[in-house]
Structure formats: structure tokens, C-alpha cells
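Have a look at the structure below before the remarks.
The values are calculated or read from the model by the stated rules, or taken from the named source; none is laboratory data. What you see is a predicted model; the values in this text were computed from it and never measured. Here Cβ is always computed from backbone atoms with ideal geometry, including for glycine, and neighbour counts include all displayed protein chains.
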Amino acid sequence: MELLPDCPTYGGIGIPHSAAACNGSRRARPAGGAPASARPRRDRAAAGKYHSRVLRPRPARSSAASKSPRPAWLALAACGVATPALAAGLLPLGVELRARAFVPGEPLRIEVTAPEPLAHVEGAFLGRHVSLVRAAGQATGGERWSGWTMIALDQPPVVGVLEIQGRSAAGRPVGATRAVTVGAASFPRETLSVAPSYVEPPPAVVARLERERRKLEAVYRSRRAVPLPEHVFLRPVPGELTSVFGTERIYNGQRRSPHPGIDLRAASGTAVRCSGAGRAVLAEELYYSGNTVIVDHGAGLFTIYAHLSVISVKEGAEVSAGQLIGSSGATGRVTGPHLHWGAKLGELPFDPEALLDERLFAAGR
Ligand SMILES: [Zn+2]
């Protein structure tokens, strides 16, 4: 099986950004569904800047997704949501899906309402389990549960079915299903030649990389049952985008995993603010991503802050939105300071800019 690099927070091989990366970024879909004119300008990437990667298997993208001739966000207009027939005897639940777009690389927020209190409810979407958490503010006369799921970067266009099932406090089975039309996405692609040492980690660090990989896997397995945030997240630094999410990279003829986050321009020493309330579940130096903070926002949602010069939060500490968690820098496999900001549901990366979009948080959209 082909081995492919992944997110710096997994620990991985160093991959250089380049001017070519920047040019590719200009052809990127307008992630977030916003008009291209409203997107931050992406001019030059810092020359010689290195990015962190890890070898891991990943299925090839569908040709339909990678060759889509139109911007991915247009797929939202074609998205249809229907409700397949429910099994007889189920107490039906209300289901609301919130998303910036129903395309690969996007998170989906699920809001479930029940006419009576529930003992338990959970879901499944595109082959993955969906954790649902009882919301802090309860609907009048019933209950509201919320959870996250997402459309993976390598998901081909499909009509997926969101299945929700559980049991009421009175013992009645509850459930709901929703069909979701997943559109195609296109991402920029870069073809670069790099020194072999940037593709194969030195033997001396293999054991360290394995330790870091296991720790990160344990971090991303957590599903803290805390109510989902009700407010949009904050941009961790004010700087503009220098590398977009999902950029596909081919190094020395080998395909590598797409960029698992975004890079934001930030001079060394720039204050890095936590984008949302949560718990700092990792705060340490990692081989490729340097000084790294990972915040667990509950229900499988994580944000990642990499290449910091200083870490200002202790592992295990509760953090609030806007709290200083470090300073930007150029630690790890980089040659220029910037902030790599990532977001994940479990181990699957999605575009963190989606967390800045009110459509994920505002009701009735
Ligand atoms: Zn990055």
C-alpha cells in the first residue's frame, strides 16, 4: 500500500512550502462558501518554509472529486436533504443539519430534538459513529442533543444517510434518518521536487516519531461528553492565509496527504489565542510540528496550534475562547515563522475556517 504523509500533529516528515504552493492556493476553492472576493488575499508563501508530515496510508481521491470543474462550494446549491421513511414504532426525532457546505473537508453539526427526555441517542454517517451530547439549553417540553460529523477529504460524491437512534427515558425507541447529498470538491495540487531527507525521516528519530504517533492517536480517540459550543470560534492570530486547507501535494513523484490545516501569517512572538473553549490535551514539543497545543472542545472536536515559539498553557488545563495559549514561531520542521492552525473530528482533518462560520452555530439555517 502506498504510504502517505499526514498532518504535522501526527508527527511526520518535513515538507517544504514554496512559491508553487502559493500559486496553487490561488486556484483553491473559496473554502467556506464565501465569494472569492471576500476571501483573504493569498499572496506569497514564505520561501523555503517547511511543513510537517507523517507517513500513513490513505485511499486515492475519486477522480470525480479531484477533477470537478466547478468550485466545491457551488455543490451546496445542489444539496438536497430528504427524510427517508422511518421504521414503524419509532418515536420520531427532529434533526437539523448545519454546515458551511456539504462537500469533502467540511464539518457538519447535527442538532436532534426529542419530544420527551432521552436516555441515550447516537448516530452514524458515511460509515462513522456520531457522538451526541445533551445540550446545555433544553428545548421546551423536550430535549436537544448535538454532535459533530464530517465529510472526509477523500469522500466521493454520494447520497449519504444520517441515521440517528436511541431510547427515551421512558424506554421507547427513538430515531430519525436524513439523506444528505454530498457534492464534489476540488483542491489545489502542487507538484514539487524536494531532497529525499524531507520524505524519509532519519533513522535516529523513528522511535520518537512512533511515541508521538501513539500519543496523538490516544488524544484523538477522546470523546468528552460536554455540550457543544454555541458560538463561532475565534481566529487564533490575525494574519492572512498563506496556505489553504486540503492542498494536495506530489513530492518527487509521490502523492502526499493534503494539507491538514491552514497556515496563517504570523511573525515570531505573535500572541496565539485559543479559538474556542475546551481543554488543552497536549502541550509539548513534537518532532515535526514543534511546540504544539491541541485543544479538545468535546464530542470529538479538536483544534491544533503548531510551530509555536512559546507554549503558555499547561497540558490538562481548561482554556477559554480567546485565552493566550502561546506565541507563534518556527519550531519543528519549518524555516519561517507562521501559525499552522488545524481542526479535526477524531483523526480526520477539516478546514478550521469552517469554525468561523455562523452557519455551523446559528439555529434555523
Ligand atoms: Zn500548515
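Some values worked out for this structure:
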| quantity | calculated |
| --- | --- |
| Inter-residue pairs, beta-carbon under 7 Å, first in the same structural domain as residue 245 (by TED's automatic domain parsing) and assigned to a strand (DSSP E or B) and in region 263-281, second more than 16 Å from the ligand (Cβ to nearest atom) and basic (Lys, Arg), 6+ apart | 280/314 |
| Residue match in region 332-341 (condition: outside any loop (DSSP other than H, G, I, E, B), of a type in the set (A, V, I, L, M, F, W, C) and in the same structural domain as residue 275 (by TED's automatic domain parsing)) | yes |
| Among residues of region 282-299, those that are hydroxyl-bearing (Ser, Thr, Tyr), more than 14 Å from the ligand (Cβ to nearest atom) and not in a loop (DSSP other than H, G, I, E, B), counted | 0 |
| Looking only at region 237-280, and only at residues there that are at pLDDT 90 or above, of a type in the set (A, V, I, L, M, F, W, C) and away from the ligand (no atom under 16 Å from the Cβ), the one that is nearest to residue 316 (Cα to Cα) | 280 |
| Residues of region 230-281 classified as in contact with a helix residue (DSSP H, G or I) (Cβ under 7 Å, 6 or more places away or on another chain) and charged (D, E, K, R), total | 1 |
| Pair list, Cβ < 6 Å and 6+ apart or interchain, from region 250-262 residues that are over 19 Å from residue 186 (Cβ atoms) to residues that are assigned to a strand (DSSP E or B) and within 16 Å of the ligand (Cβ to nearest atom) | 251/192 |
| Matching residues, region 91-108, being part of a strand (DSSP E or B) and crowded, with 23+ Cβ neighbours inside 10 Å | 99, 106, 107, 108 |
